[in-house]
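Here the structure is laid out as structure tokens; the discussion comes afterwards.
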Amino acid sequence: MLSENEIKIIDFLKKKENKSAYSTELSSVIPETAVFSLAYLLKDKGYVSVKEEEKENIILTKEGEERLKEGLPEDNLINFLKGESKKIQEVAKTFKDFNIALSWARKKGLIKVDKGEIIPLKSSYVSPEYVVLKKISSSQDLSEDDKKYLKELESRGLIEIKKNKVLLLTLLKEPEIRPAITYLTPELLRNKEWTKYELKEYNVEALPPFIPLGKKHYFKEFLEHVKDVMVSLGFKEVKSDFVEMEFYNFDMLFQAQDHPAREIHDSFKVDGKGELLNQSLVKRVKEVHEKLWKYSWKQEVAKSLVLRSQTTATTARVLSTSPNKEIKVFTIGKVFRPDAIDATHLIEFHQLDGLVIEENFNFRELLSTLRAIFSGIGIKEVKFKPAYFPFTEPSVEVYGYIQGLGWVEMAGAGLLRPEVTEPAGVTMPAGAWGLGLDRLAMLFLGIKDIRNLYSDDIEYLRNRKVEY
Amino acid sequence: MVNIVLKESRLLNLLGLEEKDLNDVLFNLKSEVEKRGEDELEIEINSDRLDMLSPEGIKRAVDGILGRKLGEAKYEVVPTNYQLIIDDVESRPYALAAVVYDIKLDEDRIKEIIQFQEKLHCTIGRKRKKVAIGIHDLDKIDGKVIRYSKVPLDYKFVPLNSDKEMSVSEVISSTEQGKLYGNISIKDNYSPAILQEDGQVLSIPPIINSNKTKIDSSTKNLFIDVTGTNFDAVAQTLDLLVSNFAEGGSKIGTVKVSRYTSSSPLMIHNKLVVKTSDINKRLGLSLSTEEIAKYVRMMRMDANINSDEIEVIVPQYRIDIMTYVDIAEDVAMAYGYKSFSLPEYTSKGMGELLPITKLERAFRDLAIGGGFQEIFTFVLNKSSYLLYNDFVKIQNPITVEYDAVRNSLIWNMLKFLAKNQHARFPIKVFEVGDVVVKSEESDTGYKNDTRACLAIMNSKISYEELQSVVHQILYNLKGKEPRYLRQDKDYFIKGRSAKILFDNNVIGEIGEISPEVLEKFNIENPVVIAEIYLEKLCE
């Protein structure tokens, strides 16, 4: 294969008489600096012969340029005299470069000097040197006759002669030119026809056109990863619905009906009432609320519908089925809370809730479980702070250590109060926790604005580096 | 969580702590400290520890956990000749009162007291609905007989921080407190009132006190009234108030009460008997009975050992202690959460994902194989976008942009595409997620439905371009080919949409979105969408 520049050289040579050209001539088609290496490449490939020559390079001196413009002084003298004799003194006064003109005119036999007078022998004159000077300036070829004058011109300081190395390239053979095609086809391959064609070259260094790539969503992947962590720790996945009765969102969790979290500002209300099918559970929940919170519990309030404000509602749903065997379950899902929407707050976000019911479960086991979960997610250092939740006692807040941020509050947990488990008919100890996942995902995914977890900008999704 | 703001130098002096130790000590008492101003701290108090909403309460707890003072903090209570006569006030039936002697006030202390009062109003008081507090300069009250009664709305008095006599109605309409709390306890044009025997107003609960008994830095003795709709809450609030004043060095005086009880404050003490084994079982520790008793005392409660049982006397200021599990937590706190040595986690059984989660994962992999970018959108949406009728509308939305729960992923998809018309085409996206639909089988009347949605938007699109991908995904999930049945729906172009079926079950739909709907979403490029009902595929 020949490169574009090599083909240019061959094309140039083809057009020349006797298929030869000097490297200097090639500068009209390719950069002069590239000529030498390309010439030898072509020689190696057998397309050209290369002869190195010394070539004279003649250029006009500054004086030469001037003379070319004004004419040689001797010529000017002859033309000045217009065939008439004149006194030397007279001419010398007005004529530029008089001495040079006089000397060369005499030497060339154009004038005679007699008794103080110049006698022209010609009425007009152009020196052959001037013609040569003109040819040099316009890079015309010089005849052998012309060359006789070079020495004189050089000695007069009108030209400079330098010797340069040049290459003479002579085309030996022309490359075989085949019709060019863009696509190779099964037919061409099958018939061996492809040998007849040249496959067009591509600009392989150009950037490609865009194609959309199928890609998983980074935040979904994070949530799925957390699910895998929970499964690896022996937890079974459960889920429940977004629309929930206050009974499961609050009452079963021993949250009094006048608890501030149940106010209109803290949960999204939905029209309609649910149906509480397990009335004996309802009765026991009522009793325990009235006994310990000392107020009159209302079933109508418990039936009110909300968008669940915590996935602990799912835990309550599990409890309401009175599981009487040891279980370990988790759920990951959306919860909804009224809030101002900004870079750190949304009105819907994800929580991970877990529930362990085991014969010998206790607070120490709970802390150990929490440590294992956080370790699985990637937070190796945790510390525990006493906390308060209406449905757990003892309660704990889990802080995780994040490089560059320090201790960050991550989860709330505790042993479920007997007031929560007993009405559900659960007799074994139970531990539960809730963990906000959006903030955690932001930390792990390097996202500063929480809204970017749910970006509606396809280019952001396309351009985001994949986590692995 | 409740936040209080205190003067740092004053608090450190009171607690006898260095700045560097404060955070650690309070951390173990469920609290967190943040520096605010030059000499100001913001302290986060957990909502069960209302006793810690004043500096004296914090001091009492800190003294215990540091082992400086153990057991119940006992305060001197003396009888007085003050008397509270309680009339029938239906809208707010309960009232109690107490006297506090020898109080030392300055500007800072008055600020702390007002803050304590306000935080109690917000928490146990449920924004004054359940409980309201009036704190008065005792020496500015004429006579020993105070009456809790009701007054008509044209009854006049000079409200706090005013010099003008106003009627109750005027107070409600023209003062800040009146506007906030004015209507809580008005019934049949009467308002509750704490009155002197001569009829002068001391306070109009839950709105405002009278200016007559305003406390200032010269105040030496206090009269406190607490009113409310719940007797226990009223009694507890008064107990908390007087206990914290007493912790600050004051003496509590009882007021004779004409109803429910003979005098107040009640200083309610509860007795709880806890078993050593129960505490240890709950905590996973093996503490001796003596150790548990010591930890109980560190939490400022009295503990009497009786072989392997402990009788805990819960003082009036620990209103959060209800049963033995609350004692267990206090023992754990005194023991120190960081002192628990944690066993290595061991898993007894196998974990498992729900079948729908496994299906979701398989679906996502296949959609990605089809070259579709996964998107993740909000569950909440704009009700005017939800073109089906049956969707969950939120009664109290934050913004109209999110006032409903999506009942199909199609609307979220269209909203997403509308935002991306200037991105590089083609746009091929999908989402897997839950929508909420009506359901007769659900006890709430609604249920989540997990769906998947795929869409292509381009300057030119064809039905087949999406159908071929959907077909391959479904074929790979079920190992058999789905069928397509022509349907006409107003959000698809007529003749360009189909139901997708396996056997005779509709498991989704596919079609080219109609120009009317594209216009509604301000989309200027053709769109083809498919929605797959994953839960139906899971069956």
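The values are calculated or read from the model by the stated rules, or taken from the named source; none is laboratory data. Remember, predicted model here, so these are calculated numbers, not experimental data. Cβ coordinates were reconstructed from backbone atoms using ideal geometry, including for glycine residues, and neighbour counts include every protein chain displayed. Side chains are part of the model used for accessible areas, which takes the heavy atoms of the whole protein and leaves out ligands, DNA and RNA. Shrake-Rupley method; radii C 1.70, N 1.55, O 1.52, S 1.80 Å.
Can you tell me which residue is farthest from the other protein chains (Cβ to nearest Cβ) among those in the stretch A:383-404 that are farther than 28 Å from A:THR427 by Cα and either without any contact (Cβ under 8 Å) to a residue 24 or more places away in the chain or surrounded by fewer than 19 Cβ atoms within 10 Å (Cβ to Cβ) (or both)?
We begin by selecting, within the stretch A:383-404, every residue farther than 28 Å from A:THR427 by Cα; these are A:383, A:399-404.
Cutting the leftovers down to either without any contact (Cβ under 8 Å) to a residue 24 or more places away in the chain or surrounded by fewer than 19 Cβ atoms within 10 Å (Cβ to Cβ) (or both) gives us A:383, A:399, A:401-404.
Numbers: A:LYS383: 7, A:TYR399: 9, A:TYR401: 14, A:ILE402: 17, A:GLN403: 21, A:GLY404: 19 Å.
Going through the qualifying residues, I end up with A:GLN403.
Filter the stretch A:440-456 down to residues that are free of Cβ contacts under 8 Å to residues at least 40 places away in the same chain and either outside the structural domain of A:ARG364 (by TED's automatic domain parsing) or part of a helix (DSSP H, G or I) (or both) and give me whichever is least open to solvent (accessible area, probe 1.4 Å). Reasoning before the result, please.
Initial filter on the stretch A:440-456 (free of Cβ contacts under 8 Å to residues at least 40 places away in the same chain): A:442, A:446-447, A:452, A:455-456.
Checking which are either outside the structural domain of A:ARG364 (by TED's automatic domain parsing) or part of a helix (DSSP H, G or I) (or both) leaves us with A:442, A:452.
Numbers: A:MET442: 20, A:ASN452: 53 Å².
Restricting to residues being free of Cβ contacts under 8 Å to residues at least 40 places away in the same chain and either outside the structural domain of A:ARG364 (by TED's automatic domain parsing) or part of a helix (DSSP H, G or I) (or both), the top hit is A:MET442.
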Which of (1) out of contact with any Gly (no Cβ under 8 Å at 6 or more places or on another chain); (2) outside the structural domain of A:LEU171 (by TED's automatic domain parsing); (3) of a type in the set (Val, Ile, Thr) is the odd one out, the single condition A:ILE7 does not satisfy? (2)
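So which of A:VAL126, A:VAL131 is open to solvent by 30 Å² or more (accessible area, probe 1.4 Å), part of a helix (DSSP H, G or I) and of a type in the set (A, V, I, L, M, F, W, C)?
Details: A:VAL126 fails: part of a helix (DSSP H, G or I).
Exactly one residue qualifies, and that residue is A:VAL131.
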Just for the stretch A:222-259: of the residues that are more than 9 Å from chain B (Cβ to nearest Cβ) and charged (D, E, K, R), which one is farthest from A:THR311 (Cα to Cα)? A:ASP251
Check the stretch A:206-217 and report whether any residue there is part of a loop (DSSP other than H, G, I, E, B), over 29 Å from B:ARG424 (Cβ atoms) and open to solvent by less than 100 Å² (accessible area, probe 1.4 Å). no
Tell me, which residue of the stretch B:316-356 that is more than 24 Å from B:ARG68 (Cβ to Cβ) and among the charged types (D, E, K, R) is nearest to the other protein chains (Cβ to nearest Cβ)? B:GLU352
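Out of all the residues in the stretch B:80-119, which are under 21 Å from B:TYR190 (Cβ atoms) and among the aromatic types (Phe, Trp, Tyr)? Step through it out loud before you land on a result.
We begin by selecting, within the stretch B:80-119, every residue under 21 Å from B:TYR190 (Cβ atoms); these are B:84-97.
B:TYR94, the sole residue that qualifies.
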Could you say whether any residue in the stretch A:159-169 is open to solvent by less than 70 Å² (accessible area, probe 1.4 Å) and farther than 30 Å from A:ASN18 by Cβ? no
Looking at (1) free of Cβ contacts under 8 Å to residues at least 24 places away in the same chain; (2) among the aliphatic types (A, V, I, L, M); (3) assigned to a helix (DSSP H, G or I), which is the only condition A:VAL29 fails? (3)
Take the conditions open to solvent by less than 60 Å² (accessible area, probe 1.4 Å), within 30 Å of A:LYS380 (Cα to Cα) and of a type outside the set (Ser, Thr, Tyr) and apply them to A:GLU224. Does it pass? yes
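Listed here are the residues, each with its yes/no results for (1) farther than 27 Å from B:LYS179 by Cβ; (2) open to solvent by 30 Å² or more (accessible area, probe 1.4 Å); (3) more than 28 Å from the chain's Cα centre (by Cα).
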position	(1), (2), (3)
B:ILE215	no, no, yes
B:THR229	no, yes, no
B:SER243	yes, no, no
B:GLY249	yes, yes, yes
B:VAL257	yes, no, yes
B:TYR295	yes, no, yes
B:ILE305	yes, yes, yes
Would you be able to tell me the number of residues in the stretch B:314-339 that are farther than 27 Å from A:LYS383 by Cβ and open to solvent by 30 Å² or more (accessible area, probe 1.4 Å)? 2
Looking at B:LYS140, B:LYS129, which is the one that is touching a residue at least 60 places away in the same chain (Cβ under 8 Å), within 28 Å of the chain's Cα centre (by Cα) and open to solvent by 50 Å² or more (accessible area, probe 1.4 Å)? B:LYS129
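Looking at A:LYS19, A:LYS15, which one is in contact with a strand residue (DSSP E or B) (Cβ under 6 Å, 6 or more places away or on another chain), basic (Lys, Arg) and open to solvent by 60 Å² or more (accessible area, probe 1.4 Å)? It would help to see each step written out before you state the result.
Details: A:LYS15 fails: in contact with a strand residue (DSSP E or B) (Cβ under 6 Å, 6 or more places away or on another chain).
Only one candidate qualifies: A:LYS19.
Is it the case that the stretch A:288-308 has a residue that's of a type in the set (Phe, Trp, Tyr), touching a residue at least 12 places away in the same chain (Cβ under 8 Å), in a helix (DSSP H, G or I) and surrounded by 13 or more Cβ atoms within 10 Å (Cβ to Cβ)? Don't jump to the end; show me each part of the working.
Initial filter on the stretch A:288-308 (of a type in the set (Phe, Trp, Tyr)): A:293, A:295, A:297.
Filter once more, so that each one left must be touching a residue at least 12 places away in the same chain (Cβ under 8 Å): A:293, A:295, A:297.
Cutting the leftovers down to in a helix (DSSP H, G or I) gives us A:293.
Among the residues that remain, those that are also surrounded by 13 or more Cβ atoms within 10 Å (Cβ to Cβ) are: A:293.
Scanning the stretch A:288-308 turns up at least one residue that is of a type in the set (Phe, Trp, Tyr), touching a residue at least 12 places away in the same chain (Cβ under 8 Å), in a helix (DSSP H, G or I) and surrounded by 13 or more Cβ atoms within 10 Å (Cβ to Cβ).
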From the option list B:THR357, B:THR346, single residue qualifying as β-branched (Val, Ile, Thr), assigned to a helix (DSSP H, G or I) and either more than 20 Å from A:TRP293 (Cα to Cα) or open to solvent by 50 Å² or more (accessible area, probe 1.4 Å) (or both) is B:THR357
Could you please let me know if B:VAL469 is within 48 Å of the chain's Cα centre (by Cα) and either over 26 Å from B:ASP390 (Cβ atoms) or free of Cβ contacts under 8 Å to residues at least 12 places away in the same chain (or both)? yes
Pull up the stretch B:46-84, narrow it to residues that are under 18 Å from B:GLN115 (Cα atoms), in contact (Cβ under 8 Å) with a residue 40 or more places away in the chain and within 14 Å of chain A (Cβ to nearest Cβ), then point me to the one that is most open to solvent (accessible area, probe 1.4 Å). B:SER47
For the stretch A:351-360, name all the residues that are touching a helix residue (DSSP H, G or I) at 6+ places or on another chain (Cβ under 9 Å) and open to solvent by 10 Å² or more (accessible area, probe 1.4 Å). A:GLN351, A:GLU358, A:ASN360
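Based on what the data block shows, is B:LEU238 assigned to a strand (DSSP E or B), crowded, with 23+ Cβ neighbours inside 10 Å and touching a residue at least 12 places away in the same chain (Cβ under 8 Å)? Can you show your working first?
Values: assigned to a strand (DSSP E or B): no; crowded, with 23+ Cβ neighbours inside 10 Å: yes; touching a residue at least 12 places away in the same chain (Cβ under 8 Å): yes.
It is false that B:LEU238 is assigned to a strand (DSSP E or B), crowded, with 23+ Cβ neighbours inside 10 Å and touching a residue at least 12 places away in the same chain (Cβ under 8 Å).
Test of understanding: among A:LEU435, A:LEU440, A:LEU453, which residue is out of contact with any Lys or Arg (no Cβ under 7 Å at 6 or more places or on another chain), more than 10 Å from chain B (Cβ to nearest Cβ) and either at pLDDT below 95 or more than 30 Å from A:LEU281 (Cβ to Cβ) (or both)?
Values: A:LEU435 fails: either at pLDDT below 95 or more than 30 Å from A:LEU281 (Cβ to Cβ) (or both); A:LEU453 fails: more than 10 Å from chain B (Cβ to nearest Cβ).
From the options A:LEU435, A:LEU440, A:LEU453, the qualifying one is A:LEU440.
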What number of residues in the stretch B:367-402 are modelled with pLDDT of 95 or more, surrounded by fewer than 21 Cβ atoms within 10 Å (Cβ to Cβ) and either charged (D, E, K, R) or in a helix (DSSP H, G or I) (or both)? 3
Return the residues of the stretch A:333-343 that are surrounded by fewer than 22 Cβ atoms within 10 Å (Cβ to Cβ), in a strand (DSSP E or B) and within 9 Å of another protein chain (Cβ to nearest Cβ); say none if nothing qualifies. A:LYS334
Failed condition for B:LYS20, given (1) open to solvent by 30 Å² or more (accessible area, probe 1.4 Å); (2) at negative phi; (3) assigned to a loop (DSSP other than H, G, I, E, B): (3)
Residues being within 20 Å of B:GLU197 (Cα to Cα) and open to solvent by less than 30 Å² (accessible area, probe 1.4 Å): count how many of those fall in the stretch B:93-126. 5
